[in-house]
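Notes follow once the structure below has been shown.
The values are calculated or read from the model by the stated rules, or taken from the named source; none is laboratory data. In this text the structure is predicted, and so the values were computed from the model without any measurement. All Cβ positions, glycine included, derive from the backbone under ideal geometry; neighbour counts span all protein chains shown.
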Amino acid sequence: IMFRKGRGLFELKENEVQQILMGDNSEEEDNLLLDGTITEHTDSTRPEPSTSAPVNEAQHQPVFKWNSRTYALNVFRDVEYDFGKVQICQEAENGLLTPFDIFCSAKNFDNLVQYIVSESIRYAHQNGREFTIDPEEMKAFLGMNVVMGYHILPSLRDYWSTEPDMAVQFISNVMPRAPFEDIRRNLHFCNNEAVRYITSSNYDRAYKVRPIIEHFNVSFQNALNNTVKQSIDEHMIKFKGHNVMKQYIKNKPVKWGFKLWCRCDATGYLFEFDLYTGKRTSGIEYGLGESIVLQLTKKVEGLGCEIYMDNFFNSPLLQYKLIDQNTKACGTVRTNRKQLPKTAPADKTMKRGDIYSTSFHCISYVKWMDNKGVHLLTNFLSPVETDIVKRRKAGSADKIDVKCPGIVSHYNKNMGGVDLMDQRKVCYEIDRRSKIKYYLRLFFDLFDIS
């Protein structure tokens, strides 16, 4: 395809056109790149999507024929599973469990410390430095960082100051400043000599913290069984240094930093997460939001959990795929998603409280007019159930009753798990700048969450 641009011509190849047409448009996530290379597959089995193994969506994409007059409730399979069962610290020797006991058991803390000790010593020796440390010293170092998170001074060295208004005896009596800085200088989480070269097809940009990510993911999931209601959202880690994985997201409290995709329950407990590392180098993935949901729900596939998500992730095709995995889903949706019904009324023809709904294959699309149009998709909630919400009357302080879809109430009640985790984490967090060693910011953020 040839296009005229100014006085010359430029060419668009077929796969580039398909990338533009198939890529999910993201207003707030403009810097998140999609891989649009098209490959042919002849495998007729159902795909098992993940961000590391892209699949061809064309073979399994249905033709959505929406009907506003019929709705059939999808019947999900019941499974025997102890939802929300605590798997750690069943009993203590003296019958009393301390918060530290729970922390060590839930996060497999001793194994984590032993691993960090061995890799930090290896890292120092690889750089020609003499360095020794034992697990108890590493635990003391991490504990001191926790204290520094709630007892905040202008600079790190102020904790060892001789000035009476600055000195913190609780810190200086545990470890002198020089050994503390030496541990921080050599803190490391992987073997640099075992890293694949950057041109390798399976090169991992997050190799510096990949073992830590895997450790916490396993620990979080082993400590608590999955709960019924969960949500998927993003979590930003503040970072302004130079790194290819750094993102800029406008209209966010933390605009610069690393992005984690998280799956939490309604109480803010983090079950699973993954670090966004950038564009894939080969193959085709589902829309970015869809692929993230499919990746993070693999561990709950078949359990019948309810997954709530915002409009960055949701789409009709995702709802269809989650039905096959016996996973219930609900969330807002962007109006430019493919396969959405074209028959929804325009905003100007609707007044506050008006509801439009249509269905296909047990998937319901609902448009509700509040102050502006609200668009939702679900594969398990009825579109005809309604609630009443209070809204302020225009030009008055009085409130009036407005009819609202029941789907909105379910979404508002169960969507805030990741936000609740963020709220709890920032109360007392380890926030020491590290513009060069970016992986320290990632590690301490995960340590705060744990």
* Whichever residue in region 302-332 is under 18 Å from the mean Cα position of the chain (by Cα) and of a type in the set (D, E) and, among such residues, is surrounded by the fewest Cβ atoms within 10 Å (Cβ to Cβ) -> D310
* Are any of the residues in region 130-146 under 30 Å from D204 (Cβ atoms), within 29 Å of the chain's Cα centre (by Cα) and loosely packed, with under 15 Cβ neighbours inside 10 Å? -> no
* Regarding A140, is this residue out of contact with any helix residue (DSSP H, G or I) (no Cβ under 8 Å at 6 or more places or on another chain) and of a type in the set (A, V, I, L, M)? -> yes
* Top-ranked residue of region 420-443 - restricted to ones that are of a type outside the set (D, E, K, R), at pLDDT 90 or above and crowded, with 16+ Cβ neighbours inside 10 Å, ranked as nearest to I237 (Cα to Cα) -> L442
* To do: Out of the residues in region 374-404 that are of a type in the set (S, T, N, Q) and free of Cβ contacts under 8 Å to residues at least 60 places away in the same chain, state the one that is surrounded by the most Cβ atoms within 10 Å (Cβ to Cβ).
  => T378
* **Leading residue by the ranking (modelled with the lowest pLDDT) among those in region 253-276 that are small (G, A, S) and surrounded by fewer than 23 Cβ atoms within 10 Å (Cβ to Cβ)** => A266
* Give the residue that is nearest to D265 (Cα to Cα), with candidates limited to residues of region 405-419 that are under 13 Å from the mean Cα position of the chain (by Cα) and surrounded by fewer than 20 Cβ atoms within 10 Å (Cβ to Cβ). => G416
* To do: Quick one: which helices (runs of 4 or more DSSP H) lie wholly within region 98-201 and hold at least 2 residues that are over 24 Å from I88 (Cβ atoms)?
  => 109-126, 135-150, 169-172, 177-186
* Go over the candidates T343, T335, T349, T358 one by one and state the one that is touching a residue at least 60 places away in the same chain (Cβ under 8 Å), surrounded by fewer than 20 Cβ atoms within 10 Å (Cβ to Cβ) and of a type in the set (S, T, Y). => T343
* **Matching residues in region 205-216 - criterion: being farther than 14 Å from A194 by Cα, crowded, with 18+ Cβ neighbours inside 10 Å and either free of Cβ contacts under 8 Å to residues at least 12 places away in the same chain or not aliphatic (A, V, I, L, M) (or both)** => H215, F216
* Looking at Q87, is it surrounded by 11 or more Cβ atoms within 10 Å (Cβ to Cβ), modelled with pLDDT of 85 or more and either among the hydroxyl-bearing types (S, T, Y) or in contact with a Leu (Cβ under 7 Å, 6 or more places away or on another chain) (or both)? -> yes
* Restricting region 147-194 to residues that are surrounded by fewer than 13 Cβ atoms within 10 Å (Cβ to Cβ) and of a type in the set (A, V, I, L, M, F, W, C), which is farthest from D204 (Cα to Cα)? -> F170
* Structure fact -> Being at pLDDT 50 or above, over 30 Å from F216 (Cβ atoms) and part of a loop (DSSP other than H, G, I, E, B) narrows V79, V63 down to just V63
* Asked: What single numbered condition from (1) assigned to a helix (DSSP H, G or I); (2) under 30 Å from G302 (Cβ atoms); (3) of a type outside the set (S, T, N, Q) fails to hold for H235?
  -> (1)
* State which residue is modelled with the lowest pLDDT when the search covers only region 277-294 and only residues that are closer than 24 Å to D422 by Cβ and buried (at least 21 other Cβ atoms within 10 Å of the Cβ). => L288
